[in-house]
Amino acid sequence: MTGGVVSLQRTGTRTMDLNRVKKFYQPTCLAAVPKWQEGFAWLAGGTWLFSEPQPSVRALIDLDTLGWPALEVLPEGLVIASTCKIAELEAFRAPSEWKAASLIPECCRALLASFKIWNTASVGGNICLALPAGAMISLTAALEGVATIWTLEGGSRKVPIVDFVTGNQRNVLALSELLRSIFLPADALRKRYAFRRFSLTSMGRSSVFVIGTLCPITGALRITVTASTVRPIVLEFDYYPDSTELAIALDENVRFNLYFDDPHGTAEHRRHLTSYYAQEIRIELQETD
């Protein structure tokens, strides 16, 4: 390390200008992680961390050296490591009965990022950053994802992704806690789905992302609202609602103050499109039932 510039050796050399970083740890197990101190930060892909000044960061802990498998296919579902790169997830070929797995490449392409970023950016980083437009939040919330959170003391807890993100750039992680993985249950992956997404440009940041899934056995409908709101919101119906019932549920559960307002869209615009897209999804899934 010279002059505050840290070079990271993984598949190649990357240089970042975080001139307050003095230490860089590459643990091979959780027990090797040093006692958490003020100024420590987890490093997964680093595409956001390296993109702007981080004046409070004094040390980085590299998660890649922990060697977690990116993806694990189990009879119960899919385990996605937080360190899994977007490119690895996009390349995943799911079992044929996992119909909803086709959402994976759709959501990967919804990222405001080039294919070059895909090779570095991590699934966990996108979720932990907790931006409303986080495409991995849209994916994992819609497919009933459950996050496993680790503590440095060896404890763990599970939190549904819809509860993991609590607001714009806010999540449930306490100081030093770590997102270990996201589990997508096979039952959710077997569902039929439909989605609608809006952005100001074809490859731009999502302003609205609505995903519907339909259980082929029970006929239960699930509508997941992301990007237009500051946190994911899910509407679950154990029956197939008509247009009025869906509209009422949206009004009651997605309050106006939950809609995001920024240069990519006003709250009013996002509210209108969310309602419009949800109704389109309801019709599309009903027709394929």
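Tabulated values for the structure
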{"read-out": "Checklist (1) farther than 16 Å from G167 by Cβ; (2) modelled with pLDDT of 95 or more; (3) touching a strand residue (DSSP E or B) at 6+ places or on another chain (Cβ under 7 Å); (4) of a type in the set (S, T, Y) applied to Y240, failing item", "value": "(2)"}
{"read-out": "Filtered residues of the range 84-100 (kept if within 15 Å of the chain's Cα centre (by Cα), open to solvent by 10 Å² or more (accessible area, probe 1.4 Å) and not acidic (D, E))", "value": "K85, A87"}
{"read-out": "Leading residue by the ranking (least open to solvent (accessible area, probe 1.4 Å)) among those in the range 171-187 that are modelled with pLDDT of 95 or more and farther than 22 Å from R231 by Cβ", "value": "A186"}
{"read-out": "Residue in the range 103-121 that is outside any helix (DSSP H, G or I), in contact with a Cys (Cβ under 9 Å, 6 or more places away or on another chain), closer than 15 Å to A44 by Cβ and open to solvent by less than 30 Å² (accessible area, probe 1.4 Å) present", "value": "no"}
{"read-out": "Yes/no for K158 being touching a strand residue (DSSP E or B) at 6+ places or on another chain (Cβ under 6 Å) and open to solvent by 40 Å² or more (accessible area, probe 1.4 Å)", "value": "yes"}
{"read-out": "Out of L78, L74, sole residue that is modelled with pLDDT of 90 or more, over 18 Å from S176 (Cα atoms) and surrounded by fewer than 16 Cβ atoms within 10 Å (Cβ to Cβ)", "value": "L74"}
{"read-out": "Tally, over the range 247-273, of residues that are polar (S, T, N, Q) and under 16 Å from L221 (Cα atoms)", "value": "1"}
{"read-out": "Every residue from the range 119-146 that is under 10 Å from the mean Cα position of the chain (by Cα) and under 20 Å from W68 (Cα atoms)", "value": "S122, V123, G124, G125, N126, I127, C128, M136, T140, G145"}
{"read-out": "Odd one out for Q279 among (1) within 23 Å of the chain's Cα centre (by Cα); (2) open to solvent by less than 50 Å² (accessible area, probe 1.4 Å); (3) at pLDDT 95 or above", "value": "(1)"}
{"read-out": "Qualifying residue in the range 257-265 (condition: in contact (Cβ under 8 Å) with a residue 60 or more places away in the chain, closer than 17 Å to A188 by Cβ and buried (at least 21 other Cβ atoms within 10 Å of the Cβ))", "value": "no"}
{"read-out": "Of residues in the range 226-239 being out of contact with any helix residue (DSSP H, G or I) (no Cβ under 6 Å at 6 or more places or on another chain) and either of a type in the set (K, R) or without any contact (Cβ under 8 Å) to a residue 60 or more places away in the chain (or both), the one surrounded by the most Cβ atoms within 10 Å (Cβ to Cβ)", "value": "R231"}
{"read-out": "Pairs, first within 12 Å of A135 (Cα to Cα) and modelled with pLDDT of 95 or more in the range 194-218, second open to solvent by 50 Å² or more (accessible area, probe 1.4 Å) and in a strand (DSSP E or B), C-beta under 6 Å, six or more apart", "value": "V208/F198; F209/R197; V210/R196; I211/F195"}
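Residues are listed down the side, and each one gets a yes or a no for (1) over 15 Å from S82 (Cα atoms); (2) in contact with a strand residue (DSSP E or B) (Cβ under 9 Å, 6 or more places away or on another chain); (3) of a type in the set (S, T, Y); (4) surrounded by 22 or more Cβ atoms within 10 Å (Cβ to Cβ):
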residue	(1), (2), (3), (4)
E153	yes, no, no, no
Q169	yes, no, no, no
L189	yes, yes, no, yes
T201	yes, no, yes, no
A220	yes, yes, no, no
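The values are calculated or read from the model by the stated rules, or taken from the named source; none is laboratory data. None of these values were measured; they are calculated from a predicted model. Ideal geometry is used to build each Cβ from the backbone, glycine not excepted, and the neighbour counts take in all protein chains shown. To get the accessible areas, we keep the full protein, side chains included, count just its heavy atoms, and leave off ligands, DNA and RNA. Shrake-Rupley method; radii C 1.70, N 1.55, O 1.52, S 1.80 Å.
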